[in-house]
Amino acid sequence: MTAIEISCLCGAVKVRINGEPLVQFYCHCDDCQAVHGGAYIGVAIYPSQAVAVTQGELVSWTLKSLPRQRCAICGTPMIARVLGLGGCGVLAHRLPKGMFKPEFHIQCQHALLPIKDDLPHFAAFPARFGGVDDTVEW
Ligand SMILES: [Zn+2]
Ligand SMILES: [Zn+2]
């Protein structure tokens, strides 16, 4: 089993992650857009018990329904409790290079622009995560 450690930008917070993610994807939802200030984000979802804060203090903030946790000092987003998926989300760009392997896009109904790639583009969530598998025409 592989373990990685991710750190915030100031180094105060360290988070240890054991094993493989449950799923990885791009999220285009308006919640992620507002919080992260980008068109979409890459996310890796790990089982909650695989993720442990080993150093530093996180503060939690919720825009709509998703509690997102940031370094209390530098504000770097570290983890999000993705309640619907039963896991803990980590932003793709916090992972070591080469570890992010997205399977699909979600919440494309909110997308600012089409992203043309070979992955499925779900309008909301895929059926395996409680959605209906509807895709958008990109
Ligand atoms: Zn920090
Ligand atoms: Zn999102």
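The values are calculated or read from the model by the stated rules, or taken from the named source; none is laboratory data. The model shown is predicted, which means the values in this text are computed figures rather than measured ones. Neighbour counts run over all protein chains shown; Cβ positions are idealised from the backbone, glycine included. Heavy atoms of the whole protein, side chains included, go into the accessibility calculation; ligands, DNA and RNA do not. Shrake-Rupley method; radii C 1.70, N 1.55, O 1.52, S 1.80 Å.
Numerical summary
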| item | result |
| --- | --- |
| Identity of the residue in the range 2-39, on the phi > 0 side of the Ramachandran plot and out of contact with any helix residue (DSSP H, G or I) (no Cβ under 6 Å at 6 or more places or on another chain), that ends up most open to solvent (accessible area, probe 1.4 Å) | GLY37 |
| Qualifying residue in the range 55-66 (condition: within 16 Å of ligand 2 (Cβ to nearest atom), charged (D, E, K, R) and closer than 14 Å to GLN24 by Cβ) | no |
| Residue satisfying condition, being closer than 22 Å to LEU9 by Cα and free of Cβ contacts under 8 Å to residues at least 60 places away in the same chain, within set GLY38, GLY42, GLY130 | GLY38 |
| Conditions (1) within 16 Å of ligand 1 (Cβ to nearest atom); (2) at positive phi; number of the one not met by GLY86 | (1) |
